[in-house]
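Inspection log for the structure reproduced underneath, given as structure tokens.
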Amino acid sequence: MKRHGISLILVLCVSISFLFAQKKEKPSSTEKTAQKELLTASRLNGIKLRHVGPALMSGRIGDFAVNPQKPSEYYVAVSSGGVWKTENNGITFKPLFDKQASYSIGCITLDPQNPHVVWVGTGENNAQRSVGYGDGVYKSMDGGKSWKNMGLKASEHIGKIIIHPENAELVYVAAQGPLWNKGGQRGIYKTEDGGKTWKSLIEVDEHTGVTDIAMDPRDPNTLYAATWQRRRHVWTYISGGPGSALYKSTDGGDSWRKVKGGFPGGDLGRIGLAVSPANPDYVYAIVEAEGKKGGFYRSTNRGETWEKRSNHYTIGLYYDEIFCDPKDVNRVYSMDTYAQVTEDGGKTFNRVGETNKHVDNHALWINPDNTDHILMGCDGGIYESYDRGKIWDYKANLSITQFYRVTTDNTEPFYHIYGGTQDNSSMGGPSRTTHRAGILNSDWYLTKGGDGFESAVDPENPNIVYAQSQYGVLARFDKQSGEQVNIQPQPGKGEPGIRYNWDAPLFISPHSPTRLYFAANILFKSDDRGNSWEAVSPDLTRKIDRNKLPVMDRVWGMDAVAKNKSTSIFGNITALSESPLEEGLIYIGTDDGLVQITTDGGENWRKLESFPGVPEMTYVNQVITSNHDRNTAYAVFNNHKNGDYKPYVLKTSDGGYTWTSLNANLPQRGTTYTIAEDHVDPNLLFVGTEFGLFFSANGGSKWTQLKGGLPTIAVKDLDIQKRENDLVLATFGRGFFVLDDYSPLR
């Protein structure tokens, strides 16, 4: 009943049939090269990837920019999915940023004098483990139809952009700087010529940038800026240090002084700022810190002296942003897992209300003419309320779901796609339907709550689905009955605790549909669909004490701000594969840079500690074993959490004894996440990177990007549905895509 690849075949048939018409006998090596050269980017323009959604749970929203002259027209900065625009209050949204060099957005701002002038800061301005990096600031003069990069490319994460209310050429940018490394462009940058040139106004050190900036609406020369020292790596996170502080300028940023007068000093974390439009003498700050210094602070004299109003503050890596009500000086909203609001200037906080609404809030717009009307952006998309949060309207048409992983089943007539998402559960849905409108939100179903990761489906019974949430909480879900059984392996009495990664690897053996492999710091096997487990390995990691590793040029104590918050315990398995050609031949990879191999189902293991061209201790994102040769396997390494964005794709043809690089012409800026090998042609490979999809028809000697309607986005995982010859992509911010019947690429 196949079918779907007709349009793809038509695109290539002229070139391919021409080659075959010229010579029927076996082609020479030169002719083979000529055939491969046909598969260039220009000749592949007709190949289109099909977007299948879903918009069921949407995704993380970072910021709003609303046209003050027409509030039904607004722009949405998606933390991991570009920039979108609606002109009809969210009935429809249009993507505007699909062809730019970055997809992760930190902030968006409109020129107060001209709503068609839009400024965008790339690189999400949080410090969560899953944030993407950007390449500076962009500007559009035509409402987002076209964009120009205005520089600050080494900033990587932009906290905020503000524009002078009377001079559109004068713009301030708060640059947080790199999260994963020192250096880069950090601080306050000012342009007086619309972005042609920039001047650095605040420079603290190579670990500290500026996370927030606020302007007095009565006096644009009065500015407040919050610096933030922070660093994240695979093994840790630190959200503060002596570089974090609050500064004030009264001369348009030419000079700054550190604010004291009751404001806390010492090692602080993230600081969120807001000046009250109702009375700009009132300035609010939410301060992350260890101990009793953290809390909610207020100044009633333009930042000269400060009073701690309460102990309320949030996790700086994900929140610590506040918004003042335009009319009520005492009403301030605080973004948090559950959004908070104070009606008494910060003395007390209460929940705004999350009834029938997703949690984890990041963005807020308050209608200045009707302050009961608000837009809120969270990990689950956009919500709108006309009664300040009592009742919410969800915008269910924005497909920006962040998928970590993807797998497919063998359902007839249309196979189903499954995946796990950042903060939006694990889910499944059909690859096609007979509905005239195509795949609907109602076609998707949840298989497990929480953050979702690797799923697996019984190859013989597609009603049996395995899904997990963070840190290895594994469940078996029966689609037919709706029953869900928790099957996470547990340590036995007297045994040491188990360390699961945030994204724990899961695998159904190709040699038995009832056999599962699931990995923590040790590898587990079950032969009865998870009802019982046995450990088939010792601890396969380096067993390093992460608290002895230096961060920001020193080893930090456990009292450092937010030390190790929202970070997996270091030393666990992150990649797993069993050879389809030989039972018991298993490869694993770890977060501390090891690959280990067993040929006897786990009785004995061979440890590999170094790989050509790959920095020591680089995170192993994926290992796969070949469909064609028992001695062949592939490994994908990911070093972006050390500030290294290069690709690392390796292949072994001798069972792991030697490895060769397949990086070839892959872009140097573009972390690699995943690789897939065609089940028919061993030379046909696909790779997913931070900024798109690539394929090679010659075993990795040369790569070509497949765009075909795919926006600039991270491709975190790939799965090949063998029956249909479909390649299915899990993107981190734009849902699932399908390359239907890619067989002509062979």
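If a residue counts only when it is touching a residue at least 12 places away in the same chain (Cβ under 8 Å) and open to solvent by less than 50 Å² (accessible area, probe 1.4 Å), which strands (runs of 3 or more DSSP E) contained entirely in region 572-653 have at least 3 such residues? Steps first, please.
Numbers: elements: 573-578, 586-590, 595-598, 606-608, 619-625, 633-638, 648-652.
Hits in region 572-653: 573-578, 586-590, 595-598, 619-625, 633-638, 648-652.
Determine whether region 709-720 contains at least one residue that is buried (at least 23 other Cβ atoms within 10 Å of the Cβ) and either part of a loop (DSSP other than H, G, I, E, B) or in contact with a helix residue (DSSP H, G or I) (Cβ under 9 Å, 6 or more places away or on another chain) (or both).
Scanning region 709-720 turns up at least one residue that is buried (at least 23 other Cβ atoms within 10 Å of the Cβ) and either part of a loop (DSSP other than H, G, I, E, B) or in contact with a helix residue (DSSP H, G or I) (Cβ under 9 Å, 6 or more places away or on another chain) (or both).
So which residues in region 472-502 are open to solvent by 20 Å² or more (accessible area, probe 1.4 Å) and either β-branched (Val, Ile, Thr) or touching a Ser or Thr at 6+ places or on another chain (Cβ under 7 Å) (or both), if there are any at all?
Matches in region 472-502: Val473, Phe477, Val485, Ile498, Trp502.
Looking only at region 487-530, count how many residues are in contact with a Phe, Trp or Tyr (Cβ under 6 Å, 6 or more places away or on another chain) and of a type outside the set (A, V, I, L, M, F, W, C).
Going through region 487-530, the residues in contact with a Phe, Trp or Tyr (Cβ under 6 Å, 6 or more places away or on another chain) turn out to be 489, 500, 503, 506-507, 517-518, 520, 524-526.
If we keep only those that are of a type outside the set (A, V, I, L, M, F, W, C) too, we end up with 489, 500, 503, 517, 525-526.
Summing the residues that are in contact with a Phe, Trp or Tyr (Cβ under 6 Å, 6 or more places away or on another chain) and of a type outside the set (A, V, I, L, M, F, W, C) in region 487-530 gives 6.
Only residues that are assigned to a loop (DSSP other than H, G, I, E, B) and within 19 Å of Leu745 (Cα to Cα): list them for region 666-689, please.
Within region 666-689, the subset assigned to a loop (DSSP other than H, G, I, E, B) is 666-671, 678-684.
Leu666, Asp678, His679, Val680, Asp681, Pro682, Asn683, Leu684 - these are the residues of region 666-689 that are assigned to a loop (DSSP other than H, G, I, E, B) and within 19 Å of Leu745 (Cα to Cα).
Which ones in region 124-166 are small (Gly, Ala, Ser), in a loop (DSSP other than H, G, I, E, B) and either free of Cβ contacts under 8 Å to residues at least 12 places away in the same chain or open to solvent by less than 10 Å² (accessible area, probe 1.4 Å) (or both)? Explain how you work it out, then say what you get.
Pass one, region 124-166, residues small (Gly, Ala, Ser): 127, 130, 132, 134, 136, 140, 143-144, 146, 151, 154-155, 159.
Still in the running and in a loop (DSSP other than H, G, I, E, B): 127, 130, 132, 134, 136, 143-144, 146, 154-155.
Hits for region 124-166 are Ala127, Gly132, Gly134, Gly136, Gly143, Gly144, Ser146, Ser155.
Is at least one residue of region 690-705 at pLDDT below 95, outside any strand (DSSP E or B) and under 23 Å from the mean Cα position of the chain (by Cα)?
Taking region 690-705 and keeping what is at pLDDT below 95, we get none.
Within region 690-705 (the criterion being at pLDDT below 95, outside any strand (DSSP E or B) and under 23 Å from the mean Cα position of the chain (by Cα)), the answer is no, since none of the residues qualifies.
Can you confirm whether Thr671 is surrounded by fewer than 19 Cβ atoms within 10 Å (Cβ to Cβ), under 22 Å from Gly589 (Cα atoms) and touching a strand residue (DSSP E or B) at 6+ places or on another chain (Cβ under 6 Å)?
It is false that Thr671 is surrounded by fewer than 19 Cβ atoms within 10 Å (Cβ to Cβ), under 22 Å from Gly589 (Cα atoms) and touching a strand residue (DSSP E or B) at 6+ places or on another chain (Cβ under 6 Å).
Among the residues of region 195-238, what is the count of those that are of a type in the set (Ser, Thr, Tyr) and closer than 18 Å to Leu152 by Cβ?
Going residue by residue through region 195-238, those that are of a type in the set (Ser, Thr, Tyr) are 197, 200, 208, 211, 222, 224, 227, 236-237.
Retained after the next criterion (residues that are closer than 18 Å to Leu152 by Cβ): 197, 200, 208, 211, 227.
Residues that pass the stated criteria total 5.
Go through region 81-95 and give me each residue that's crowded, with 16+ Cβ neighbours inside 10 Å, of a type in the set (A, V, I, L, M, F, W, C) and over 19 Å from the mean Cα position of the chain (by Cα). It would help to see each step written out before you state the result.
First, the residues of region 81-95 that are crowded, with 16+ Cβ neighbours inside 10 Å: 81-86, 90, 93, 95.
Checking the rest, the ones that are also of a type in the set (A, V, I, L, M, F, W, C) come to 83-84, 93.
Within region 81-95, just Phe93 meets the criteria.
I'd like the residue in region 495-514 that is of a type outside the set (Phe, Trp, Tyr) and not in a loop (DSSP other than H, G, I, E, B) and, out of all such residues, is farthest from Asp539 (Cα to Cα).
Initial filter on region 495-514 (of a type outside the set (Phe, Trp, Tyr)): 495-499, 501, 503-506, 508-514.
Subset that is not in a loop (DSSP other than H, G, I, E, B): 506, 508.
Values: Leu506: 17, Ile508: 21 Å.
Only one residue tops the list, namely Ile508.
Give me the residue from region 196-211 that is in contact with a Phe, Trp or Tyr (Cβ under 8 Å, 6 or more places away or on another chain) and of a type outside the set (Val, Ile, Thr) and, out of that set, nearest to Asn125 (Cα to Cα). I'd like the intermediate steps shown before the answer.
The initial filter retains those residues of region 196-211 that are in contact with a Phe, Trp or Tyr (Cβ under 8 Å, 6 or more places away or on another chain), namely 198-202, 208-211.
Now restrict to residues that are of a type outside the set (Val, Ile, Thr): 198-201, 209.
Numbers: Trp198: 20, Lys199: 21, Ser200: 19, Leu201: 20, Gly209: 11 Å.
My answer is Gly209.
Filter region 449-494 down to residues that are basic (Lys, Arg) and in a loop (DSSP other than H, G, I, E, B) and give me whichever is nearest to Ser526 (Cα to Cα). Walk me through how you get there before you give the answer.
Start the filter on region 449-494 by keeping residues that are basic (Lys, Arg), which leaves 476, 479, 493.
Next, from what is left, pick out any that are in a loop (DSSP other than H, G, I, E, B): 479, 493.
Numbers: Lys479: 21, Lys493: 19 Å.
Ranking the candidates gives Lys493 first.
Could you check region 382-435 and list, in sequence order, the residues that are open to solvent by 10 Å² or more (accessible area, probe 1.4 Å), of a type in the set (A, V, I, L, M) and within 22 Å of the chain's Cα centre (by Cα)?
Of everything in region 382-435, just one residue is open to solvent by 10 Å² or more (accessible area, probe 1.4 Å), of a type in the set (A, V, I, L, M) and within 22 Å of the chain's Cα centre (by Cα), namely Ala396.
For region 289-318, what are the residues that are open to solvent by 10 Å² or more (accessible area, probe 1.4 Å), under 21 Å from Asp379 (Cα atoms) and touching a residue at least 60 places away in the same chain (Cβ under 8 Å)?
Hits for region 289-318 are Ile315, Tyr318.
The values are calculated or read from the model by the stated rules, or taken from the named source; none is laboratory data. Note that the structure is predicted; figures quoted are calculated from it, not measured. Glycine gets a Cβ as well: all are built from the backbone with ideal geometry, and neighbour counts include every protein chain shown. These area figures cover heavy atoms from the full protein model, side chains too; ligands, DNA and RNA do not enter into them. Shrake-Rupley method; radii C 1.70, N 1.55, O 1.52, S 1.80 Å.
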